[in-house]
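Student: My questions will all concern the structure given below.
No value in this document is a laboratory result; all are computed from the given coordinates. All figures in this text were calculated on a predicted structure; none of them were measured in a lab. No Cβ is skipped: glycine too gets one built from the backbone with ideal geometry, and neighbour counts run over all protein chains shown.
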Amino acid sequence: MPTVSVARDRLFAALGRSYTQEEFEELCFNFGIELDDVTTEKAIILKERHLEDDNSSLDDEVIYKIEVPANRYDLLCLEGLAQALCIFNGHEKIPRYTVANISKESMLKMQVKKETSLIRPFVVCAVLRGIAFDEARYNSFIDLQDKLHQNICRKRTLVAIGTHDLDTLQGPFTYEALPPPEINFVPLKQVKHFRADELMEFYKSDLKLKKFLHIIEKSKVFPVIYDRNRTVLSLPPIINGAHSAITLKTKNVFIECTATDLTKAKIVLNTMVTTFSAYCERKFEVEPVEVISFDGNSSVYPDLSEYNMEVPLSYITGSIGVPLEVDEVTSLLNRMQVHAEQAGLGGNNINVSVPPTRSDILHPCDVMEDVAIAYGYNNIPKRKLSSLKPLPLNQLSDLIRYEIAMNGFAEVLTWILCSKKENFEMLNRKDDKTTAVVIGNPRSSDFEVVRTSLMPGMLKTVGHNKDHPKPIKIFEVGDVVLLDEKKDVGASNRRLLAALYCGANSGFELIHSLVDKIMEVMGTPFVPVGNSAGYYIELSDEPEFLSGRQAKIIYKGRRIGIFGIVHPEVLNNFDIPDPCTFLELDIENFL
Amino acid sequence: MAEDAILGYLASHEEIPDSGKFASQHGLQQNDVVNVIKSLHGFRYIDAQDIKRESWMLTDEGKKYAAEGSPEVQLFLAVPPEGFIAKDELQKKLDPSVFKIGCSQAGKNKWVDMGKQVSRKVQHVEDKVKDLLVRIQDGQTIDKDDINSLKARKLIVAQTWKGYSVRKGPNYASKRKKVATDLTRENLQRGDWKELEFKEYNFNAKGPLADAGHLHPLLKVKQQLKNIFLQMGFEEMPTNNFVESSFWNFDALFQPQQHPARDSHDTFFLEAPSTTRQLPEDYVELVKRVHESGGYGSRGYMYDWKREEANKNLLRTHTTAVSTRMLYALAKQPFAPKRYFSIDRVFRNESVDRTHLAEFHQIEGLVCDRGLTLGDLIGVLNDFFSRLGMSKLRFKPAYNPYTEPSMEIFSYHEGLKKWVEIGNSGMFRPEMLLPMGFPEDVRVIAWGLSLERPTMILYGIDNIRDLFGHKVDLSLIKRNPICRLGID
């Protein structure tokens, strides 16, 4: 995206009011440009020269660097930006640009020689009469050429602009292509004559110009523009002649754009003349120039005609998704520098006239976009497409399951139902009748209660896999059911995670590591005891675990789980000959 | 021995007030007693309090005199009780240092006459220095003047004595249980686990580092995004084709051939294979025409479209190249609405820095249906981004050659307290869709963003090279939370 530097105070003057930076940023955002940086001329110069000391002779005027869309060449200078924003704000009307009505005879002429087709076949020209420059306008005029050269002109390969003090020249002009030794002139900023081939050699050491030399360097002929007295106007796309250089005093400006792409040459010429015709004696009027091809074809430039489209209202409203009336659409378009009116009385089509400044508009979709921008993207009501939301608990369970498996644990899937004994006595726990859902008609003692812990299932699994090589590392993520007064049915599920290690040693430290890992993947920091910003562990005293080798897990101040060496009596109850460490925690706390 | 003595003593006594005295009373080595106290204290059999005392210790010289007598006495005894002894004779009888110090001290004490001939002045002396030294050695106290004189003669030095006073601890027992660090299979087999005493476990530290596998954070985020797309009814596009032609990457998207993105500064063009072998000719013709002279209601770009440019191969600069192929194939079928997504690698000829890489991952989603509006685009973006935890969005007009309208997506960042750009979106231009053969009322809304940027924000990484590529910090990969995008 190109960036344009403009003096803030001049811009605000042109906008007719001043803004706070936030207000201006908001305006930019809504219009589709961006305040990229705020600096001063002084800061820029100091930075370029790698200086730090404060040289107060430098200008400390505030500069706004504004990013503009790459296809909006009309916004590449202060004049264009200010005009677009004024119109967007409704303070100004869209100008009508006109070509001065002069006869073909009195029109300046540019004769194109056949040889130019070998190197740079196109030229388009125009004249700005009675222009009033001051220093700021003059600088902007030069800067705009630079910006156009960098952007649409693709570093002068497609188009090169030459601007001249017309009063130093005499038409008709010729656009020719000659062998370099035959071209001889004093180039801009030099005092002596150079032959074109010498000049190319000379510019090889010029930091600014050397990057353009390749465009014509290898050609047998170089493009060149002469006036009737064989004064060289320019050697495009490299340099202008010194003779016709414009100054602050210049009143009449001759503009020529030579090109390899005619469409872009016309856009560049139109951008130059529409922007600076605002400073002409006859505002927004441009004097035409006749360009006569070697084959006799004649064209008059600039072409400031408006491009007309008839756009159905339904296309616009149907694409944006907002019901708008014709007059609303036309007034929105007028704020975007596009002339628009209802096509015919009561019609549902809109006649759109695109001024020459808006070369970016190619299709009704571009018009539709302008309506949407003027309406405000952020005012468009959203429509939700159909979509599904997953259950967070199950998504989280899955993500935790993958992490634990990656820690080398094998997943088991055990039964929800178990015997009372397994759920209580065999775990050294007392059944106080306040936790477990009890089944009324069990077919066997295996299905007496709904588990309140994953522990019996895990221990039964180990007990039945005595021959499995040690160590055994298993885990399960599953639901238990607890009596719950707050539920209509009096019971609710909880999602628990259990992991177990069984080997020649208890693996207590290994399970401790797993606890740390689970907390780490949940993005929870390890904190000192008593701190509720993360998790810590604390010695616990539960009968199913060995005393001194068990800890409760405290997360954000709440006890969410426990781990410990399974009590040898419990191991014995489940017929497990090897020491085990068991971890259980409630993962619903992580939601 | 010391352990039994201490535990046994405490069985019938309240306290051992001084471990040093206890040791000497029981004939135990001071060191043994101290070590046992420390160990018993660790297991809380006893409570030990530090005590300390200032005391005096003999220097090497002092120890010698305590054993052999002071030099002045040695010298006195070497002088015969009667008569004289020649001084050099006397010197021969004694150690040189004893002689030297003895002469001076015995002289000072006026015990002997010192001349060439040495004789006693008194007949009987007491070795007070030796007595004092012995008393200090036995731990007895002596008066201050004596201390000072011994100190002045460098026979004693001060030292701090440290010891303990000991009482019963909470786990007191007359005999210590077996100490273990872990419960083992043997403990279970022998059944001795009941007698096991466990070394205290440090619950205030993390456990040892686990040996585990880890997935790359970028791909964890990718997986979640993929789930989000699937939940939103999007189908994944096949993006396993990095080499693309300029035609599918640019031309078919109505991106003009002079567009800056098509510069070698931005795009990797290929030396081998340098050009594409085939393109769908009928379609190429339509694309050429829409660039050159428009049609479908468009003015076109009005330039000479060159087939050679379209043929140039490159590494795709965006996954939209794949979207284009998919849409082209879709347009060949009787129309049916579609939602597509992809998350895969794209390439840019950029210099690598903290925020840019020459390759990164693009996330792209598109919806193709009749009568879609900007309201649908805004709606789908709100749905998508709110699943990523970004529900405060706003949209800025922007320019993109293949979308019109184009909207940059901004999200309010609570941490940075400002709006940050998070992606781009738009409606594909009719100049792109109509040459493919879609009916006129079919519209395509699409959006794209990089995978790296949200991942960096999510995991607090500020240098992209730490995250992606060979300069990655492996510990970063091993230490990162699960990606909870789409859950909260």
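Student: Which entries in B:338/B:471; A:251/B:396; B:130/B:162; B:110/B:130; A:552/B:392; A:47/A:192 show an alpha-carbon gap greater than 30 Å?
Tutor: Long pairs (Cα-Cα over 30 Å): B:338/B:471; A:251/B:396; A:552/B:392; A:47/A:192.
Student: Quick check on region B:255-402: take the gyration tensor over C-alpha atoms, sort the square-rooted eigenvalues as a ≥ b ≥ c, and tell me if it's rounded (a/c under 1.5), prolate or oblate.
Tutor: Cα axes put region B:255-402 in the oblate bin.
Student: For region A:1-106, what relative contact order do you get, as a whole percent, if you take Cα pairs closer than 8 Å and at least 6 residues apart?
Tutor: Over region A:1-106, the number comes to 38 percent.
Student: Rank-order A:167-180, B:359-372 by packing density, defined as the average count of other C-beta atoms within 10 Å over each peptide's residues, highest first.
Tutor: Packing order, densest peptide first, comes out as B:359-372, A:167-180.
Student: For region A:466-510, which GluC sites (Glu not before Pro) are both in a DSSP coil and crowded by at most 16 other Cβ atoms within 10 Å?
Tutor: Counting only loop positions with at most 16 other Cβ atoms within 10 Å, the GluC sites (Glu not before Pro) in region A:466-510 are A:485.
Student: Just counting partner chain Cβ atoms within 10 Å, what average do the residues of peptide B:295-307 show around their Cβ?
Tutor: Partner-chain Cβ atoms within 10 Å, mean over residues of B:295-307: 4.
Student: Rounded to the nearest 20 debye, what is the charge dipole size of region B:2-116 about its Cα centre when +1 sits on each Lys and Arg Cβ and -1 on each Asp and Glu Cβ?
Tutor: About 600 debye.
Student: How much net charge surrounds residue A:301 when only the other residues with a Cβ under 12 Å from the Cβ of residue A:301 are counted, with Lys and Arg +1 and Asp and Glu -1?
Tutor: Summing Lys and Arg as +1 and Asp and Glu as -1 gives -2.
Student: What residues have an amide H closer than 5 Å to that of residue A:235, excluding those fewer than 5 places away on the same chain, when H is modeled at 1.01 Å from N in the peptide plane?
Tutor: A:240, A:241
Student: Let me ask another. State the extension gain, in nm to one decimal, for the chain segment bounded by residue B:219 and residue B:261, taking 0.36 nm per residue of separation less the distance between their alpha-carbons.
Tutor: Stretched fully, the residue B:219-residue B:261 segment lengthens by 12.3 nm.
Student: What is the sum of charges, Lys and Arg at +1 and Asp and Glu at -1, for the other residues whose Cβ falls under 11 Å from the Cβ of residue B:259?
Tutor: -2
Student: Tell me the relative contact order for region B:99-189 as a rounded percent, counting alpha carbon contacts under 8 Å between residues six or more apart.
Tutor: Rounded, it is 10 percent for region B:99-189.
Student: For the pair residue A:341 and residue A:98, what calculated FRET efficiency results from E = 1/(1 + (r/R0)^6), where r is the Cβ-Cβ distance and R0 = 22 Å, to the nearest 0.05?
Tutor: 0.70
Student: Compute the FRET efficiency between residue B:144 and residue B:59 as 1/(1 + (r/R0)^6), taking r as their Cβ-Cβ distance and R0 = 25 Å, and round to the nearest 0.05.
Tutor: Calculated transfer efficiency: 0.85.
Student: In terms of modelled amide H atoms, which long-range or inter-chain residues lie less than 5 Å from the amide H of residue A:380?
Tutor: none
Student: Each residue of region B:374-385 in order: what ³J(HN,Hα) in whole Hz does its phi give by Karplus 6.51 cos²θ - 1.76 cosθ + 1.60, θ = phi - 60°, with x for Gly and Pro?
Tutor: Running phi through 6.51 cos²θ - 1.76 cosθ + 1.60 with θ = phi - 60° gives 4, x, 5, 4, 4, x, 5, 5, 4, 4, 4, 6 Hz.
Student: Hey, rough spin-label estimate for residue B:1 and residue A:114, points 7 angstrom out along Cα→Cβ, what's it come to in nanometres?
Tutor: So the two model labels end up 12.7 nm from each other.
Student: Continuing with the same structure: Hey, what do the phi angles of region B:284-297 turn into as Karplus ³J(HN,Hα) couplings, whole Hz, using 6.51/-1.76/1.60 and θ = phi - 60°, x for Gly and Pro?
Tutor: These are the phi-based 3J(HN,Hα) values: 4, 4, 5, 5, 4, 5, 5, 5, 6, 10, x, x, 6, x Hz.
Student: Right, another one. HN-Hα J couplings of region A:251-256 from phi, Karplus 6.51/-1.76/1.60, θ = phi - 60°, integer Hz, Gly and Pro as x?
Tutor: 9, 10, 10, 9, 10, 10
Student: Determine the dipole magnitude for region A:174-230: charges of +1 sit on the beta-carbon of Lys and Arg, -1 on that of Asp and Glu, nothing else is charged, the reference point is the Cα centre, and the result goes in debye to the nearest 20.
Tutor: Around 180 debye, computed over region A:174-230.
Student: Here is a follow-up. Specify whether the C-alpha gyration tensor of region A:393-484 places it in the rounded, prolate or oblate class, a ≥ b ≥ c being the square roots of the eigenvalues: rounded for a/c under 1.5, otherwise prolate if a/b is larger than b/c and oblate if not.
Tutor: oblate
Student: Using +1 on the beta carbon of Lys and Arg, -1 on that of Asp and Glu, and nothing else charged, what's the dipole of region A:3-89 about the Cα centre, debye to 20?
Tutor: 320
Student: So, one more: How many nm separate the modelled label positions at residue A:190 and residue A:211, each set 7 Å beyond the Cα in the direction of the Cβ?
Tutor: Once both label points are built, they end up 2.2 nm from each other.
Student: Another question, if that's okay. Other chains' Cβ within 10 Å of A:307-313 residues: what's the mean?
Tutor: 1
Student: Testing the spin-label approximation: label points 7 Å from Cα along Cα→Cβ at residue B:87 and residue B:44. State their distance in nm.
Tutor: 7.5
Student: For chain A, what does -39500 (n - 2.57) per DSSP helix run (n ≥ 4), summed and divided by total residues, give at 222 nm, in deg cm²/dmol to the nearest 500?
Tutor: Taken over chain A, the calculation gives -7500 deg cm²/dmol.
Student: Using a Förster radius of 51 Å, what is the FRET efficiency between residue B:349 and residue A:294 based on their Cβ-Cβ separation? Nearest 0.05, please.
Tutor: E(calc), rounded to 0.05, equals 0.80.
Student: Another one. With just the Cα atoms defining each centre, how far is region A:127-142 from region A:316-344? Give it in Å.
Tutor: If we compute the Cα centre of each part, the gap is 35 Å.
Student: Between residue B:183 and residues 5 or more places away or on another chain, which pairs have amide H atoms under 5 Å apart, with H built 1.01 Å from N, and which residues are they?
Tutor: Distant-sequence amide H within range of residue B:183: A:506.
Student: DSSP beta bridges in region A:3-89, what fraction antiparallel, as a percent rounded to 5?
Tutor: Antiparallel: roughly 100 percent of the beta bridges in region A:3-89.
Student: With a ≥ b ≥ c taken as the square roots of the eigenvalues of the C-alpha gyration tensor of the protein assembly as shown, please select rounded if a/c is under 1.5 and otherwise prolate if a/b is larger than b/c or oblate if it is not?
Tutor: oblate
Student: Which parts of region A:132-172 would a label at residue A:251 reach, counting a residue when its backbone N lies under 12 Å from a point 7 Å out along Cα-to-Cβ?
Tutor: Correct set: A:132, A:166-168.
Student: Right, something else. So what is the relative contact order of region B:292-363, in percent, for Cα pairs below 8 Å that sit 6 or more residues apart?
Tutor: The value is 23 percent.
Student: What's the average, rounded to a whole number, of partner chain beta-carbon atoms within 10 Å of each residue's beta-carbon in B:194-203?
Tutor: Whole-number average of other-chain Cβ neighbours for B:194-203 is 4.
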